[in-house]
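Step one of this worksheet: look at the structure below.
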Amino acid sequence: MDDNSTSHGMGLIGVITVTLIILKLFGLINIGWLAVFVPLLICWALACLVTGAVCLYYAIKLKQ
């Protein structure tokens, strides 16, 4: 068995987003498009915050 395992699929956020898009397109839910894409926006915002925090940490560390 190979120890180099990789994941080739959608994560939980992707599944939730695709489900919300399908439900919205078929008219089964009555929410705005912004609410449909909120899971992706939250992930994007968290990624930006983590990246910013890491950059800030290294900027302060290099200044010392």
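Read the figures in this text as sums done on the coordinates, not as results from a lab. Fair warning: this is a prediction, and the values are worked out from it, not measured in the lab. Here the Cβ is made from the backbone with ideal geometry for all residues, glycine too, and neighbour counts use every protein chain on show.
Here are a few things to note about the model shown:
- The radius of gyration of the Cα set in the chain, together with its Dmax, comes out at 18.2, 57 angstrom.
- Using alpha-carbon coordinates, inclination of helix 12-25 to the longest axis of the chain, degrees: 30 degrees
- Note on ILE31 and VAL18: the model spin-label points, each 7 Å out from Cα along the C-beta direction, lie 1.8 nm apart.
- Using the Karplus relation 6.51 cos²θ - 1.76 cosθ + 1.60 with θ = phi - 60°, the per-residue 3J(HN,Hα) values for segment 31-41 come to 10, x, 5, 4, 5, 5, 9, 4, x, 5, 5 Hz, with x marking Gly and Pro.
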